[in-house]
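See below for the structure under consideration.
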Amino acid sequence: MKYQGKKAAVLGAGLSGTAAALLLRNEGAEVTVLDTADENTLLKSTIENLRSNGITVRCGPEVAEDKSSFDLMVLSPGIDPGLPLALNFSSRNIETIGELELGWRSVNVPVIAITGTNGKTTTTELLAQMLNACGQRTIACGNIGKPLSEVALENRDLDVLTVEVSSFQLETIRTFHPSISVWLNFAPDHLDRYRSIAEYRAAKLRIFDNQTADDVAVVNGGEPLPETAARIVSFSAYAEHADFRLAGGSIVYRGTPVLRMGDTKLRGSHNIENIMAALAVGLSRGLSFEQMLPSLCAYEPRPHRCEFVREVGGVTYINDSKATNLDAVEKALLAQEKPVILIAGGKDKGFTFETLLPLVSERVRAAILIGEMAGRIERDWSPAVSCQIAHSLADAVERARALANAGEVVLFSPGTSSFDMFKSYADRGDQFRALVHALPR
């Protein structure tokens, strides 16, 4: 048992923290889970499961000052390392790693790691579907679905792991070493967690830290990146020099047409690049284009990603609730061919919407704004764009219905996170979809 006799603290009793605690306990550690939330606000079934497995659970604000002695501290990705709870342990020179690093140390199969500001989940799912269809057994995990620690605990018979990784997870890696890394794109985000865009980018760049010349880095050829030891395979819907590029409506690999985008169910330049990345990974794992294409063409996007909801009175309603940053809104707007009534806004993440103004003034006939950011966005866009502030999502949908004309699009693309008004982006998108389906014909 890898952690036999070790005393381990796990910070955070959420999905990742629970997975880390159970893996450590299975590996022989004496485990304590600490969470500053009141126990009554946490899932009762989660607490009971941990305790039934011999894991101590301590909750409440006072745990931030816990002075117990530990050999190892595992940080859940949702907990900022700069918070008092984390600093209480790291300041005492207790070895600190993240849940991703913990899971990595206990898996025995190669890892494909996918990061980027946008498109991580689509590309991770796309890859998992494609690899399984081609006989390479994998599951999509990490920042999507099961935490890596849970996968390690299950010890399934797999050929490779397809792991979505966020900047929060990469902050605390030490030896995490993907055989194939994927860098999809980068845009400003999470400035409520990071002190600067440079700090956020530096966290994401750690995906390359432990790669060697025997590994592969699949990277966006349209973005400047530092040198890496891994062999580079590049893609871009815009750059002519990339290994995978777009020409005449088809994805081309080093001059040879590979896939007509019209044969797939994905639309928009961002999804073209997601497919390119998947093709590059498959090629790096020895697959032929003939093997890969059927599953890529069959893939359908998940909800909340430029999802068609309904057409009412000639007006198309699109749910893009997954758009939690400005780059995602930009891509959603560029994918529209009709005038747009845009519903945007949400939690204040520390950035302005001013950079979107040229595109919004060109594509958006009117904007309806919600959440903490509503007033700030209105100041950024007025008077160039007609703006209204709605008091709720239901109010926003009603206002959009009143404004939109036949042949236009109502696009719900918030551009920031949901936690000021909703449980998650999925909850936000589900509520939008339900409101649209409730509209009279």
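The values are calculated or read from the model by the stated rules, or taken from the named source; none is laboratory data. Everything numeric here is computed off the predicted structure, so don't read it as measured data. As a convention, Cβ positions derive from the backbone with ideal geometry for all residues, glycine included, and neighbour counts pool all protein chains shown.
How many of the residues in the range 360-416 are surrounded by 24 or more Cβ atoms within 10 Å (Cβ to Cβ) and on the phi > 0 side of the Ramachandran plot?
Summing the residues that are surrounded by 24 or more Cβ atoms within 10 Å (Cβ to Cβ) and on the phi > 0 side of the Ramachandran plot in the range 360-416 gives 2.
If we scan the range 115-135, do we find a residue that is of a type outside the set (Ser, Thr, Tyr) and more than 29 Å from Ala426 (Cβ to Cβ)?
Let us first name the residues in the range 115-135 that are of a type outside the set (Ser, Thr, Tyr), namely 116, 118-120, 125-135.
Then keep just the ones that are more than 29 Å from Ala426 (Cβ to Cβ); that gives 134-135.
Yes: one or more hits.
Run Arg285 past the list (1) of a type in the set (Lys, Arg); (2) surrounded by fewer than 23 Cβ atoms within 10 Å (Cβ to Cβ); (3) free of Cβ contacts under 8 Å to residues at least 40 places away in the same chain and report the number of the one that doesn't hold.
Of everything listed in (1) of a type in the set (Lys, Arg); (2) surrounded by fewer than 23 Cβ atoms within 10 Å (Cβ to Cβ); (3) free of Cβ contacts under 8 Å to residues at least 40 places away in the same chain, Arg285 misses just condition (3).
Quick test of your reading of the structure: Thr228 fulfils all but one of (1) among the β-branched types (Val, Ile, Thr); (2) within 17 Å of Leu279 (Cα to Cα); (3) more than 20 Å from the chain's Cα centre (by Cα). Name the failing condition by number.
Failed condition: (2).
Based on what the data block shows, is Pro178 without any contact (Cβ under 8 Å) to a residue 24 or more places away in the chain, at negative phi, outside the structural domain of Leu83 (by TED's automatic domain parsing) and assigned to a loop (DSSP other than H, G, I, E, B)? If you could, list the steps in order and put the result at the bottom.
On the way: without any contact (Cβ under 8 Å) to a residue 24 or more places away in the chain: no; at negative phi: yes; outside the structural domain of Leu83 (by TED's automatic domain parsing): yes; assigned to a loop (DSSP other than H, G, I, E, B): yes.
Here the answer is no, as Pro178 does not meet what is asked.
Taking Arg174 as the residue in question, decide whether it is of a type outside the set (A, V, I, L, M, F, W, C), surrounded by fewer than 20 Cβ atoms within 10 Å (Cβ to Cβ) and more than 20 Å from the chain's Cα centre (by Cα).
So Arg174 fits the description; yes.
Just give me the residues in the range 215-224 being surrounded by fewer than 21 Cβ atoms within 10 Å (Cβ to Cβ), at pLDDT 95 or above and under 22 Å from the mean Cα position of the chain (by Cα), in sequence order.
none
Looking at this structure, is Arg156 surrounded by fewer than 22 Cβ atoms within 10 Å (Cβ to Cβ) and either modelled with pLDDT of 95 or more or in contact with a Phe, Trp or Tyr (Cβ under 7 Å, 6 or more places away or on another chain) (or both)?
no
Residues being modelled with pLDDT under 95 and more than 17 Å from Ala332 (Cα to Cα): count how many of those fall in the range 108-122.
Looking only at that region, the number is 1.
Quick one: count up the residues across the range 84-136 that are of a type in the set (Ser, Thr, Tyr) and more than 20 Å from Gly268 (Cα to Cα).
4
If you take the residues of the range 50-107 that are of a type in the set (Asp, Glu), within 17 Å of Lys7 (Cα to Cα) and modelled with pLDDT of 90 or more, which of them is surrounded by the most Cβ atoms within 10 Å (Cβ to Cβ)?
Glu99
Just one of the numbered conditions (1) at pLDDT 95 or above; (2) more than 24 Å from the chain's Cα centre (by Cα); (3) surrounded by fewer than 17 Cβ atoms within 10 Å (Cβ to Cβ) is not true of Ile251; which one?
So the condition that Ile251 fails would be (3).
What's the total number of residues in the range 267-278 that are in contact (Cβ under 8 Å) with a residue 60 or more places away in the chain, of a type outside the set (Asp, Glu) and closer than 17 Å to Ala328 by Cβ? Lay out the reasoning, then the answer.
Looking only at the range 267-278, we keep the residues that are in contact (Cβ under 8 Å) with a residue 60 or more places away in the chain, and these are 267-271, 273-275, 277-278.
Filter once more, so that each one left must be of a type outside the set (Asp, Glu): 267-271, 274-275, 277-278.
Checking the rest, the ones that are also closer than 17 Å to Ala328 by Cβ come to 267-271, 274, 277.
The total comes to 7.
Quick one: which strands (runs of 3 or more DSSP E) lie wholly within the range 297-412 and hold at least 3 residues that are within 30 Å of Ala133 (Cα to Cα)?
Qualifying strands (runs of 3 or more DSSP E): 307-312.
Can you name the condition, by its number, that Gln4 falls short on among (1) out of contact with any Gly (no Cβ under 6 Å at 6 or more places or on another chain); (2) surrounded by fewer than 16 Cβ atoms within 10 Å (Cβ to Cβ)?
(1)
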